Amino acid sequence: MYLMATHIPIYLDGGRTYINDSWYSDLELGSRFFSRHFGPIALIGPSLPIELADAMHMREVGPDMPNLSLHPSIDARTRIRRFWPAAARQWQADLAPLLREASVVHASVDDPFRPMQLAAMRAALKANKPTVLIGFDMDIWDLLDDKLRQMGRIEGKLHVARTAGMEFWMRHCVRRASVAMLKEGLVYDRYAPMAKNPKEFCHSMHSEADVVSEGELDERLTSLASGRPLRFAYFGRFVERKGLADAIRVLAAARGRGVDASYDLIGDGPQRHELETLAKELGIAESVRFPGSFPYGVALHERLRTYDAVLFTPTEEDTPRMVYDAFASGLPLITSDIAFLRRRADRDQASVLFEIGAIEEGATRLVELNQDRERLVSLSRKAHEAGGRHSVERWYGQRLAWTVEAVERHGY
């Protein structure tokens, strides 16, 4: 059995179990790739009643996934003061029989004040089970200052202590895990030097079938020679840290220098009204469109293939899957220079970077691409190649190979 531990809630409706559809996709892939080597996939996580779920984004885990079983445990709403000792004991009691049956344990390091994944990883290490440690999604220290600005003094002190605890336990676990899968960029750079068996991986979600065909890509790139307007896009959450206000200012500055281009912001979020107002104030409301959200899947990929590039100007470190979906559609990246995107630029050669917040420099990059469309064609072909390399089948296959190798080396 391949045992996974999570802090993400499992929703309960009588005897039926549900999870968020984005998490469902990960589990479906894990089941497809790992169950034939390690047996059924078992997932233990905290629970919530179905009434608290977003019904539009829930998937039931039932007979259609016979190799996956969900094991709901403690109430996900349990606060720190009530976690100890009763909830912690219950979590350990629910974990114990699964751990005995597991041939591999897969977990990360979560809140040390309410450890669930961490408890599973520590128990697995103590039992000498083969372990797959998943690193943080983003560098916790890089995020610290921004989070502290949003917190009061007491809450901030607690968060600093939590971050220090997560750092301590990640260092402890990464030195002992059979294999540590660390997300590329700052997370890998921080923990790989101390890891027993570090592996750098990409967290993509697009399938090989989602990669734009050569013929469709050629048709779009050929049309660039006509001098038609350029079409830029962003897709994701509208929140301040994504730097979308900067992206709109970059577009406005480029249009002011003769670039005929539009910008579609696909998605939604709390900053939408502010962004719409900014576009109007800059006099480019007709060129900045908000087509709404698209569920992840065929419709989104088909929409992305109608653009020429992704314009994305985050103001701090970020590691969005959007990058790989853009590549799948043959879209190069025009982005601010954060560590993750610099890594992608170096490795995939399908990006144009400029300094964070440098509006005029960003506009210059758009002017240059508009004038040198053969370069845009070349970047698009590089993006297409990267889309094939970063398909979910490729990366899950690589993760499976690393896991099999680590388990064999462990000798369990």
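None of the figures in this text is laboratory data; all of them are computed from the coordinates on show. Here the structure is a predicted model, which is why all the values come from computation and not from measurement. Using ideal geometry, Cβ is built from the backbone for each residue, glycine included, and neighbour counts are taken over all protein chains shown.
Structure notes:
- Legend: residue pairs LYS126/LYS147; LYS126/LYS157; LYS183/LYS242, Cα-Cα distance threshold 27 Å; pairs beyond threshold, LYS126/LYS147; LYS126/LYS157.
- Each label point was placed 7 Å from the Cα along the Cα-to-Cβ direction; for ARG176 and GLU286 their separation is 6.5 nm.
- Listed by Cβ neighbour count within 10 Å, with the fewest neighbours leading, THR315, THR131 appear as THR315, THR131.
- Spin-label pair THR222/ARG257, simplified geometry with 7 Å Cα→Cβ offset, distance in nm: 3.2 nm
- Over the range 186-255, volume per residue of the alpha carbon convex hull, in Å³: 185 Å³
- Separation of alpha-carbon centers, the range 381-412 and the range 323-373, rounded to whole Å: 26 Å
- Percent of Cα pairs in the range 112-246 per distance bin of 5 Å, from zero to the largest separation: 2, 8, 12, 14, 14, 13, 11, 8, 6, 5, 4, 2, 0, 0.
- Dipole magnitude of the chain, debye to nearest 20 (Cβ charges: Lys/Arg +1, Asp/Glu -1, about Cα centre): 1560 debye
- Each residue, SER103 and VAL404, gets one label point 7 Å from its Cα in the Cβ direction; the gap between the two is 1.2 nm.
- Helical segments meeting 27 Å axial Cα length and Kyte-Doolittle 0.0 threshold in the chain (DSSP H): none
- The three principal axes of the Cα atoms in the range 208-389 give end-to-end lengths of 40, 33, 29 Å, sorted in falling order.
- Alpha carbon centroid spacing (whole Å) that separates the range 207-250 from the range 1-63: 33 Å
- Taking every DSSP helix (H) stretch of at least 4 residues in the chain, weighting each as -39,500 (n - 2.57) and dividing the sum by the residue count yields a mean residue ellipticity at 222 nm of -14000 deg cm²/dmol.
- Rg [Å, one decimal], Dmax [Å, integer] - the range 13-53, C-alpha atoms: 12.1, 36
- A Förster radius of 51 Å combined with the Cβ-Cβ distance from MET151 to ARG389 puts the calculated FRET efficiency at roughly 0.80.
- Footprinting exposure proxy ranking of LEU27, LEU244, fewest other C-beta atoms within 10 angstrom first, gives LEU27, LEU244.
- Using the average count of surrounding beta-carbon atoms within 10 Å as a protection proxy, the listed peptides 277-283, 108-114, 132-138 rank, highest first, as 132-138, 108-114, 277-283.
- Taken one residue at a time, the phi angles of the range 324-338 give Karplus couplings (6.51, -1.76, 1.60, θ = phi - 60°) of 6, 5, 4, 4, 4, 8, x, 9, x, 10, 10, 9, 6, 8, 9 Hz. Gly and Pro are set to x.
- Residues ARG344, ARG153, ranked from the fewest to the most other C-beta atoms within 10 Å, line up as ARG153, ARG344.
- Across the range 47-193, Cα pairs under 8 Å and at least six residues apart give a relative contact order of 20 percent.
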